[in-house]
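Each value in this text was obtained by applying a stated rule to the coordinates, not by laboratory testing. Keep in mind it's a predicted model, so treat the numbers as computed, not measured. Cβ placement follows ideal geometry from the backbone for every residue including glycine, while neighbour counts extend to all protein chains displayed.
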Amino acid sequence: MRFRRVLLLLTLICLPRLLCAREITLLTTEYPPFSMAAKPGGGLFTQLITEAMRRKGWELKVRSVPWIRVPLELASARAAGALICWPEEIRRFDLVATRPVFISELGFFVRKNDADKINVALAGLRGMKVGAVRGYGYPPALEASAAQIDYVQDDQTNLRKLVAGRIDYVALERLVGAYLLERESPAEIRDKVVWKGPAFANLPLFVGITRQWPNAAAIVADLNEGLAAMEKDGSYQALLRAYNIEVHGLPSP
């Protein structure tokens with residue numbers, strides 16, 4: 001009888017832990033509206049992945065760091081993977097990628113006064129100064145252009161440098177740039193900068209799990225299933241509409 005009581009007590013102690021969701025930590029960086037550490041829900045991409053993981057029994061913890069630190073954090077096993085990865089980052093960090101979660105438009109923001117005359121084709125960048133962010137996995141075509149690429153810590157710094165005339169272009173995701181200008185930039189920057197299309201790359205955004213992480217492939221499969229379920233019931237589309245982004249569904253795998 002005493003043994004049964006002890007066994008019952010141990011079961012009651014352990015049961016809450018057994019019923020708890022599995023935890024996983026992923027890295028991201030400040031990249032509004034996709035990831036915003038100070039905002040409820042953490043931004044569009046973070047909310048999507050949090051809900052997709054929850055549906056498969058995972059509790060997601062997201063930690064925001066400067067992007068240049070991501071490979072160091074992953075190499076030291078401080079996180080299972082990273083959010084909002086371009087294809088070059090999946091390759092560079094040696095990650096197992098989920099299906100594409102979103103398609104981003106990577107192009108140039110320029111000074112409004114120069115917009116009508118400036119050339120945004122990569123072939124026309126010879127000798128021009130392009131602002132970029134240190135550590136981002138830009139497509140090799142940008143790196144291979146004849147532009148002078150000036151790397152800084154964040155996109156906001158590049159927008160300020162553009163207005164000051166220190167660079168000619170800012171290489172930046174279209175929605176991110178629009179958000180920074182509309183929500184986080186003073187009028188002297190917002191009123192002087194504009195997106196100049198077309199984009200030079202349409203890049204899928206992934207979640208990536210490091211190959212060395214236990215059950216990496218199973219985690220990716222869970223996340224893919226959670227995303228598919230959200231697309232099927234319309235919650236994926238509804239969340240994007242909440243951020244004024246109109247899409248019909250997940251990008252094709």
| note | Taking R0 as 25 Å and r as the Cβ-Cβ distance between Glu88 and Arg63, the FRET efficiency 1/(1 + (r/R0)^6), rounded to the nearest 0.05, comes to 0.70
| Counting other C-beta atoms within 10 Å, which of Asp222, Asp154 has the fewest, and how do the rest follow? | Asp154, Asp222
| request: Give the dimensionless ratio obtained when the Cα radius of gyration of the range 31-158 is divided by 2.2 N^0.38 Å. | output: 1.21
| remark: If amide H atoms are modeled at 1.01 Å from N in the peptide plane, then the residues at a separation of 5 or more from Thr25, or on another chain, having amide H under 5 Å from its own are Lys61, Ala80
| note | Heads up, the range 30-82 by the C-alpha gyration tensor (a ≥ b ≥ c square roots of eigenvalues; a/c under 1.5 rounded, else a/b over b/c prolate, else oblate) looks oblate
| Within the range 104-202, what is the number of lysine pairs with alpha carbons under 12 Å apart, leaving out pairs fewer than eight places apart on the same chain? | 5
| query | Which percent of Cα-Cα pairs in the range 104-202 sits in each 5 Å bin, short to long? | reply | 2, 14, 28, 29, 19, 6, 1
| query | Taking a spot 7 Å from the Cα of Ser252 along the direction of its beta carbon, which residues of the range 228-246 have an amide N less than 19 Å from it? | reply | 228, 231-232
| message | For a quick check: with amide H placed at 1.01 Å from N, whose amide H comes under 5 Å from Ala201's, ignoring anything fewer than 5 positions away on the same chain? | response | Leu106
| the range 173-187 - phi-based ³J(HN,Hα) in whole Hz, Karplus 6.51/-1.76/1.60, Gly and Pro as x | 5, 4, 5, 5, x, 4, 5, 4, 5, 6, 9, 10, 10, x, 4
| task | List, in order, the whole-Hz ³J(HN,Hα) value for each residue of the range 43-52 obtained from phi through the Karplus relation with A = 6.51, B = -1.76, C = 1.60 and θ = phi - 60°; use x for Gly and Pro. | result | x, 4, 5, 4, 5, 4, 6, 4, 5, 4
| task | Pop a pseudo-label 7 angstrom from the Cα along the beta-carbon direction at both Ala37 and Ser76 and give the gap in nm to one decimal. | result | 1.5
| For the chain, what does -39500 (n - 2.57) per DSSP helix run (n ≥ 4), summed and divided by total residues, give at 222 nm, in deg cm²/dmol to the nearest 500? | -11000 deg cm²/dmol
| Are there trypsin sites (Lys or Arg not before Pro) in the range 148-183 that DSSP marks as loop and that have at most 15 other Cβ atoms within 10 Å, and which are they? | Arg166
| What label, among (i) 41, 18, 17; (ii) 91, 16, 11; (iii) 31, 22, 18, belongs to semi-axes √(5λ) of the Cα gyration tensor in Å computed from the structure on display? | (i)
